[in-house]
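So the structure is just underneath, and the comments pick up after that.
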Amino acid sequence: MNELGQMLREARESQGISLAEAETQTRIRQKFIAAMEAEEWSLLPNDVTTRGFLRKYAGYLGLEEDIVLQRFQGRSAAGGGGSAGSAGTAGSN
């Protein structure tokens with residue numbers, strides 16, 4: 001289930017934006033954009049950087065940054081994240 005990544009990819013593709021163009025405009029390397037779209041969080045540098053990338057990429061695509069970050073947070077809290085720095089973010093009652 002890759003709903004966040006799918007949302008990012010569909011927004012980019014619906015606007016006819018290539019990975020190369022997205023890299024040029026956002027200054028986020030293509031490999032990191034592709035990793036976000038595939039939800040391969042372990043390929044991204046760390047949790048803080050990933051959040052920055054998501055915020056910048058969402059803004060570039062015209063998506064609501066807060067919603068994108070909430071979806072990322074939800075995946076991390078559910079144990080779906082694999083990026084460095086996400087350990088210990090899951091809370092249990």
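Below are the figures for this structure:
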item: Segment 1-60 - accessible surface per residue (Å², probe 1.4 Å); result: 55 Å²
item: Length added when fully stretched, Glu3-Glu21, from 0.36 nm per residue minus Cα-Cα; result: 4.2 nm
item: Theoretical gain in end-to-end length, Asp66 to Glu10 [0.36 nm per residue, Cα-Cα removed]; result: 18.4 nm
item: Sulfur and carbon atoms: percent of accessible area, segment 1-77 [1.4 Å]; result: 45 percent
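The values are calculated or read from the model by the stated rules, or taken from the named source; none is laboratory data. Just so it is clear, the model here is predicted, and its values are computed rather than measured. With ligands, DNA and RNA removed, areas are computed over all heavy atoms of the protein, side chains included. Shrake-Rupley method; radii C 1.70, N 1.55, O 1.52, S 1.80 Å.
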